[in-house]
Amino acid sequence: MNYTHYDLGGLGKGRTVEVLLTGNAANVYLMDHENMVKYSRGQPFQALGGLMTFSPIRLQTIASAHWHIVVDLPKGYGTVKTSHRILNSQPPNISTRLATFKPTEAQKTAIAAPDAVLGGTLPAQAAAIQPTAPSIPSPIPAPPKPSEQVSCKSCGILTIRGKFCTECGAPMEKVCPSCSAVNTLTCKFCFECGFKL
């Protein structure tokens, strides 16, 4: 049993995340941190997305939060390659309404076989769901507090964490030139690929 998990970190409302699939049809979910914890425990969860039979899939964040992408297979077996990127201007092509999902076959397999590895993050270029080759688990980091404020590097005003400063409009994030992951301005290395920023 396995699933592919991408930790997107903190994203503001209205950010579009594109997921590419090659292979089997797959469940693609965009969920906040609280629901990622529920998913990893095999509990019902809320997310955007669902069963996808086409690619690319564009999902849009509905609030400022710590977001995750999960891709798993409806029957719990098969192979699908995945990659993702965060877009600045593309509109979503999937409904932006939350839906409640029952535990998936991948989650049930994990509960039935406690020795199975649950979770894991694979490189975006080679991510594949293969039940015979589970990935290395990665701990789920604590979500940032919604009220957390950061100091703008441009004007020095305390502002809420987001894509742009609410006072002067200066960018509050930087995009990794290696993998296109969105990082905060204070990051010295990309959280996704480790590239020096």
Cross-link reach from residue 38 to lysines, straight Cα distance under 23 Å and at least 8 residues apart if same chain, gives 13, 75, 102, 108, 145
Could you work out the per residue convex hull volume over the alpha carbons of region 27-67, in cubic angstrom?
68
Sum up the charges of everything whose Cβ sits under 12 Å from the Cβ of residue 188, counting Lys and Arg as +1 and Asp and Glu as -1, but leave residue 188 out.
+2
Heavy atoms only, probe 1.4 Å: what % of the accessible area of region 29-96 goes to carbon and sulfur, would you let me know?
47
So, counting K/R as plus one and D/E as minus one, what does the shell of residues with Cβ under 13 Å around residue 178 add up to?
+2
Relative contact order in percent for region 1-60 (Cα pairs under 8 Å, 6+ apart) equals 45
Using the heavy atoms of the protein chains and a 1.4 angstrom probe, tell me the accessible area per residue for region 15-59 in square angstrom.
37
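The values are calculated or read from the model by the stated rules, or taken from the named source; none is laboratory data. None of the values given here were measured: they were computed from a predicted structure. Cβ: placed from backbone, ideal geometry, glycine included. Neighbour counts: every protein chain shown. Accessible surface is based on the protein model in full, side chains and every heavy atom, while ligands, DNA and RNA are left aside. Shrake-Rupley method; radii C 1.70, N 1.55, O 1.52, S 1.80 Å.
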